[in-house]
1. Checking the a/c ratio against 1.5 first, then a/b against b/c, what shape does the Cα gyration tensor give for region 556-685?
2. Simple spin-label model, 7 Å along Cα-to-Cβ: residue 125 to residue 485 in nm?
3. Around residue 551, what is the net charge, scoring Lys/Arg as +1 and Asp/Glu as -1 over all other residues with Cβ under 10 Å from its Cβ?
4. Add +1 for every Lys or Arg and -1 for every Asp or Glu among the other residues with Cβ under 11 Å from the Cβ of residue 346, and state the total.
5. Percentage of Cα-Cα pair distances in region 4-136 greater than 17 Å, rounded to whole percent?
6. Which whole-Hz ³J(HN,Hα) couplings does region 189-196 yield from phi under the Karplus relation 6.51 cos²θ - 1.76 cosθ + 1.60, θ = phi - 60°, glycine and proline marked x?
7. Could you give the length gained on full extension between residue 661 and residue 547, defined as 0.36 nm per residue of separation minus the Cα-Cα distance, in nm?
8. Quick query: amide H of residue 404 versus all other amide H atoms, modeled in the peptide plane; which residues come in under 5 Å with a sequence gap of 5 or more or a different chain?
Amino acid sequence: MELNQYLSMFIDESKDHLQAINENLLSLEQSPSDISIVQNIFRSAHTLKGMSATMGFEDLAKLTHEMENVLDLVRNNKLSMDSFIFDCLFKGTDALENMVNDIIQGGTGQADVSHIVTALKSIVSGDYQKQEAPAAAQKQETKPAASGSMDLDEFQYSVIEQSISAGHQVFFIEVSVREDCVLKAARAYMVFDLFEHNGEVVKSTPSVQDIEQEKFDRSFSVFFISQLGQEQLQGMILNVSEIESAKVVTVDEAFLKDIAEQKNAAHIQAQAVVTQAPAASVPANAPAGGQAPAAKAAGGQQAVANRTIRVDIERLDLLMNLFSEMLIDRVRLEQLASEVRRSDLTETVEHMARVSSDLQNIVLKLRMVPVDTVFNRFPRMVRDVAKSLDKKVDLVIIGAETELDRTVVDEIGDPLVHLLRNSVDHGVEPITDRIKAGKNETGTVYLRAFHSGNHVFIEIEDDGRGINREKVLKTAINKGIVKPEQADRMTNDEVAALLFAPGFSTADKISDISGRGVGLDVVKTKIESLGGVVSVESKPGLGTKFSVQLPLTLSIIAAMLVRVEKEKYAIPLSSIVETASIKSEQVRYIHGAPMITFRNSVIPLVSLAEVYEVPSAAEFKAGETEIVIVKKGDKMAALIVSELIGQQEIVLKNMGKYLSNVFAISGATILGDGQVALIIDTNALIK
């Protein structure tokens, strides 16, 4: 088997299983006696072990196997969770992540995990002081084998019948493991491995998936096609450690007839050859690996096939570009149809518009993923950082379902990690300081995500001490970033912005968390490379909020086309609250700035003609003037336009490197008549 073709699948699925282990360990830490959580962790570890062994990553498989042994004792009520076990499992998970990351970078996935393996083995062997559960509780309640173990569907019956006719040996095999067997699934896997190399499994009871997850009592049965003889096959099965017995029955036409008539019990009893297996100890290095060969169980009770596929992002990029070009032509056709005024042409174009609209929604959704795929790794990280600093911190995640383009999601993880670490380290005070300040000893860090226009905003806010103005200015002066005479004239926002200066750090000592000479400038650089913006607000004693603005990077958006004098602009519909007309007497001036009253609040009035320096534009015309109310979070503004042209789906085109920093412009689009219209970034217009 060529394994390279499966490497990307292994990497993706490994990351999913490791994330599941992390999340469930955090949940188990809150509810240590919840065995259902332990079962979830065990399943993820077991699957990861099998995948690793199959791909030849032995260190991964070895470490996961030892973690699995500990989890098996816990889920069988033979061991109680405590802080030492949690730490070992967390360290093991971190090591697994490091090995997977090494594989992603082209490495072998090898690592020295002997210290973690030794710690895990000490827990299993009894060198670790553990609390024994009552004897009655030590036997796990497992799902018994199905009573209809010999029920065959039409396909399975036909396969067996044709195999017998072709001269192949068909057997009904019942295998039982010893009652004191710790890893039943591992022994079952070894038996299935024998089956895979010596024939074909037609049906398994319980299903292969249930056996893999140890959802069986002590026995399982299979219908098996092989060229081996009955006694030879039986001997091979009994050679597997901790297999207590194996009943091997030859299936012939008479046997099949008995199955069909549901009268096979006596037939099996008469033919069965029962041999007790000799007692055998489990070798310390016995393979306990991976998934049972589900692919071999043709027609058996298998898991429903995964109905998802993984698609290369470059293919989606190409699909998006092709559809964008088609959309431009569609708009042009709609204009031509309105000019020609032929009913059949109009109907055809309208139908094409409906179909392409549905296609557009599908294409867009293919690229969008919830930011939860990034956020879900942060609770574990915050837990570890807070623990290392001897702080108590709660992470509250809001808006994890907010969707963002996959290419952006893949890149924002590291900047957000840096900001969260900064909030826990610099923002949230030590427990004693919080109590002195009259605060709850547990600090809170909020991680929020929400849409605004064609952007996504991600905010990280803490209820900590806020930014120390004097300390920041002192550091900035010492590093030569700010001159002493400038310091007194700087506003609090300007001082806060100094945190993003290259190499800026206010940490008193170097640590793994912060103060390593690499400040928030790396965050700013990364966010800006994605076409985003990062800012910070702080209130002394109350906390700090970092705000990251990211483009959706969608190629197609719904927009309102407007005219400003002789030029056309597009405003994303997602940022528009409503459109209206106002009279000159409704405008008020506060400190020289025009404002209007809207829904019991006063909002600023912005002249797009002034912002974009459109020629021959009056500041405000007599009579009624069209306005567009736009929003950014809970803030709003009114934009003055000359005319509202109408709604249209537009293709978002990048402005290119030479025009990348145009104020309040997020891109351009080609209209149906070939004209170019600039797309307004409303978020930049709202302060």
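Rule-based calculations on the coordinates, nothing more; no lab input. Since we're looking at a predicted model, the values are computed, not measured. Cβ coordinates were reconstructed from backbone atoms using ideal geometry, including for glycine residues, and neighbour counts include every protein chain displayed.
1. Prolate is the answer for region 556-685, as a/c is 1.5 or above and a/b outweighs b/c.
2. About 7.3 nm separates the two model spin labels.
3. Surrounding charge for residue 551 is -2.
4. -3
5. That tail contains 55 percent of the Cα-Cα pairs.
6. Listing the rounded values in order: 4, 5, 5, 5, 5, 4, 4, 4 Hz.
7. Full extension from residue 661 to residue 547 adds 39.1 nm.
8. For residue 404, the qualifying residues are 369, 371.
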